[in-house]
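As structure tokens, the structure follows; a few thoughts come after it.
Bear in mind these aren't lab numbers, they're just calculated from the coordinates by the rules spelled out. These numbers come from a predicted model, not from an experiment. Here the Cβ positions follow ideal geometry from the backbone for every residue, glycine too, while neighbour counts run over all protein chains shown.
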Amino acid sequence: MSEATLLEARNLRKSFLTAAGVFAGASRGAPRQAAVDGVNLDLAPGETLAIVGESGSGKTTLARLLLRLIEPDAGEIRFGGRDLLAARGAELRRLRREMQMVFQDPFASLNPRLCVEAMVGEPLEIHEPALSRATRRERVGAILETVGLGADAMPRYPHEFSGGQRQRIGIARALVLRPRLVVADEPVSALDVSVGAQILELLQNLQREFSLTYLLISHSLPVVAQLATRIAVMRAGKFVEVGVAEHVLAQPAHPYTRALLAAVPEVPA
Amino acid sequence: MAPLLDVCQLTVELPTPSGWVRPVNDVSFQLAPGETLGLVGESGCGKTMLSLALMGLLPPGARRAGEAWLAARNAGGAGRLNVVALGDRELVALRGREIGMVFQEPMTALNPVLRIGVQVEEAIRAHLPHSGRGGSAPGPGEIGRRALQALERAAVPEPQLRARQFPHQLSGGLRQRAMIAMALAADPQILIADEPTTALDVTVQKQILELLARLRRELGLGLLFITHDLGVVAQVADRLAVMYAGRIVEEGPVVEVLRRPRHPYTEGLLRASPQLRRRKLEPIAGVVPRLDALPPGCAFEPRCPYRRAECAAAVPELRLAAPEHRARCILVEPVVEEVTR
């Protein structure tokens, strides 16, 4: 484990029961489908690694494994040098506050019954319970300002905001704890083009401002091309190609990467 | 060639608590046989409402004005029908038989508890001319054969097997092919495709776009292709119309419009669209205006980097910027249209 690695995964595996297996009961030997099939990954601080793949490639399962939202069948994960899979209790909570997630659907991922102040303040309440109400309020106001929403957003509810504004609320909630790693799962695919561009620009600015490391999960190579420093192309649970973004986009080595690139409809230059 | 569809100043109004709003506002365009018109715009620009108006599927309480002339095959002596003036019974006869439609989400558009073949057969049976009279109605065997042909036409592999399967047993791409088979089952002249590939993976999207291009060529279909994706529209369309806040703000040959956009909104969309070539994206400032609070002049004026005082005075007319290329912007230096008649 080198000092320069923030997140490291070795030989990560996760399989799920197939539909037939579910109905057959979870006995041994029931048919299983490998969603993540032996993935190795290193993430250096400050970089943006994009995991690109089509539906069913296992990219979202991989993201959930790396955050330990689900447990792998096998493999190792180290975060900041600590064994993430062995962490329990207070140590796990400490590690978790350093890794946050931005979700795809800003309409589904925000609690409609919480006002923005309560929603963005919730992670603080959990991880920094000693904070006074006033300090918490201040921190929430500051992070809302940073993501381009005024403090006047605080008493309002999700339904009062547009899709782009909701995504900003989701980003504020992820960043209020000042994490080191942000996992963004399709952060702009539910948004219109002009709004998506605003969010991509915001993510770029926040990365510089807070020295963030990004793991970007996306099916869209054009979106990935804007943000990624490295690209991992995933298919059927495996990385088929990993490399520096410019190389993967300009000189794809794997036939599947070439097929993906060739299928992207481009605007005539 | 005479247009299949000639839409003239079509306006749709919907009642809201704050009064009537116009999701489709003074829209005019033509669609020729074998031609694909791409309709591009962001959420709420009216592109879907426009397609629903053409199908007579507007929500209850909606008001329509303007005309949409369809060169219907069974229009009688008149030769064409104004689809926005038709009653419910006439619309039922029109849907599917003259205009077919394919939607974004094949999983929600298909009935999950009916086999694919049954659903395609249903589409065929619904459009049989006056079945029950005349005694020449095709039997179940004949309809089954036609359903298989329809699936084959949409390039569904192993149509016999797929016809016996349920929607959840098909991949997203196959489900969309089945939808296309149903939409074309009664040989319509016009196909409206509303974001037909948005829910699909790129490699599958490519196959569906190729299928639509082939069907359009072979059947001489007029295709109205609705999308938010400028790359997709560049691939499928001959002509492009860009909608903003209910109006067409720019229209013209697709490559010409994308290479030399003349409306600041089209230019903004292009600069904000991620491409494989990495470059600095330039988001469009601000947000789309609400339909119940449109600015008095150009709807894009509050967000426009080139705005002038006079932009807020009145809604600009579509001006001819180049041959067959119009933009609704006062900054367009109008060219004098060549008189050919």
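At 0.36 nm per residue, and after removing the present C-alpha to C-alpha distance, how many nm does the segment from residue A:71 to residue A:55 gain when stretched out fully? Before the final figure, lay out each step's value.
Values: separation 16, 0.36 × 16 = 5.76 nm, distance 2.11 nm.
That works out to 3.6 nm of additional length.
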Folded to 0 to 90 degrees: helix A:163-175 orientation relative to chain A principal axis, Cα: 90
Stokes-Einstein D in µm²/s, Kirkwood radius over Cα pairs - segment A:108-178 at 20 °C with 1.002 mPa s viscosity: 181
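If Lys and Arg each add +1 and Asp and Glu each add -1, what is the summed charge of the other residues whose beta carbon sits under 12 Å from the beta carbon of residue A:136? Each step should come with its number before you reach the end.
Details: positive: A:133, A:137, A:139; negative: A:117, A:122, A:125, A:128, A:138.
Result for the local shell: -2.
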For chain B, alpha-carbon Rg and Dmax in angstrom: 21.1, 70
In segment B:16-117, trypsin sites (Lys or Arg not before Pro) in a DSSP loop with at most 14 other beta-carbon atoms within 10 Å: B:73
Where labels lie 7 Å past Cα in the beta-carbon direction, separation of residue A:19 and residue A:118 in nm: 3.9
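How do B:298, B:304 line up, fewest other C-beta atoms within 10 Å first? Please report the intermediate quantities before stating the final value.
Values: B:298 29, B:304 21.
Exposure proxy ranking, most exposed first: B:304, B:298.
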Residue A:70 long-range amide H proximity, modeled H, under 5 Å: A:65
Long-range amide H partners of residue A:6 with built H, under 5 Å: A:43, A:44
Column: log10 I(q)/I(0), Debye, Cα scatterers of segment B:164-218, q = 0.16, 0.17, 0.23 Å⁻¹: -0.49, -0.55, -0.97
P(r) of chain A over all Cα-Cα pairs, binned every 10 Å from zero, in whole percent: 7, 27, 33, 23, 9, 1
Extent along principal axes [Cα atoms of segment A:115-269; Å; largest to smallest]: 56, 31, 27
Cα-projected label distance for residue B:115 with residue B:67, points at 7 Å along beta-carbon direction, nm: 4.8
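Kirkwood Rh and Cα-based Rg: tell me the resulting Rg over Rh for the protein assembly as shown, rounded to two decimals.
Numbers: Rg = 26.6 Å, Rh = 26.8 Å.
Reported Rg/Rh, Kirkwood definition of Rh: 0.99.
Using 1/(1 + (r/R0)^6) with R0 = 25 angstrom and r between the beta carbons of residue B:310 and residue B:335, what's the FRET efficiency to the nearest 0.05?
Working: r = 20 Å, r/R0 = 0.82.
Efficiency at R0 = 25 Å is approximately 0.75.
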Segment A:97-141 residues near the modelled residue A:152 label - backbone nitrogen below 11 Å, point 7 Å along Cα→Cβ: none
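Order of A:214, B:306, A:256, A:157 from fewest to most other C-beta atoms within 10 Å? Intermediate results must be reported in sequence, preceding the final value.
Working: A:214 23, B:306 12, A:256 18, A:157 15.
Taking fewest neighbouring Cβ atoms as first place, the list is B:306, A:157, A:256, A:214.
Based on a Kirkwood Rh over C-alpha pairs, give the Stokes-Einstein translational diffusion coefficient of segment A:130-218 at 20 °C and viscosity 1.002 mPa s in µm²/s.
In µm²/s, the coefficient rounds to 157.
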Nitroxide proxy distance, nm - points 7 Å out along Cα→Cβ at residue A:266 and residue B:317: 4.0
Proximal lysines to residue A:238, defined as alpha-carbon separation beneath 22 angstrom and excluding residues fewer than eight positions away on the same chain: A:14, A:59
Calculated SAXS-style log₁₀ I(q)/I(0) at q = 0.12, 0.17, 0.18 Å⁻¹ - segment B:239-317, Debye, Cα scatterers: -0.36, -0.72, -0.80
Sequence-distant lysines (8 or more away, or on other chains) whose Cα lies within less than 30 Å of residue B:47: B:206, B:280
Vicinal HN-Hα couplings computed from phi for segment B:31-44 (Karplus, 6.51 cos²θ - 1.76 cosθ + 1.60; Hz; Gly/Pro x): 10, 9, x, x, 9, 10, 9, x, 10, 10, x, 8, 3, x
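Return the calculated 222 nm mean residue ellipticity for the protein assembly as shown, to the nearest 500 deg cm²/dmol, obtained by summing -39500 (n - 2.57) across DSSP H runs with n ≥ 4 and dividing by the residue count.
Values: 21 runs with 202 residues, N = 610.
After summing the helix terms and dividing by the residues of the protein assembly as shown, the value is -9500 deg cm²/dmol.
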Note, ³J(HN,Hα) from phi for segment A:136-147, Karplus 6.51, -1.76, 1.60, rounded to Hz, x at Gly and Pro: 4, 4, 4, 4, 5, x, 5, 6, 4, 4, 4, 8
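Please state the equivalent ellipsoid semi-axes for segment A:186-269: what are the square roots of 5 times the Cα gyration tensor eigenvalues, largest first, in whole Å? Write down the numbers at each step before the final one.
Numbers: eigenvalues 101, 54, 28 Å².
Ellipsoid semi-axes (Å, largest first): 22, 16, 12.
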Residues with amide H under 5 Å from that of residue A:50, placed H, sequence gap 5 or more: A:216, A:229, A:230, A:231, A:232
Gain in span if fully extended, residue A:160 to residue A:259, counting 0.36 nm per residue against the direct Cα distance: 31.5 nm
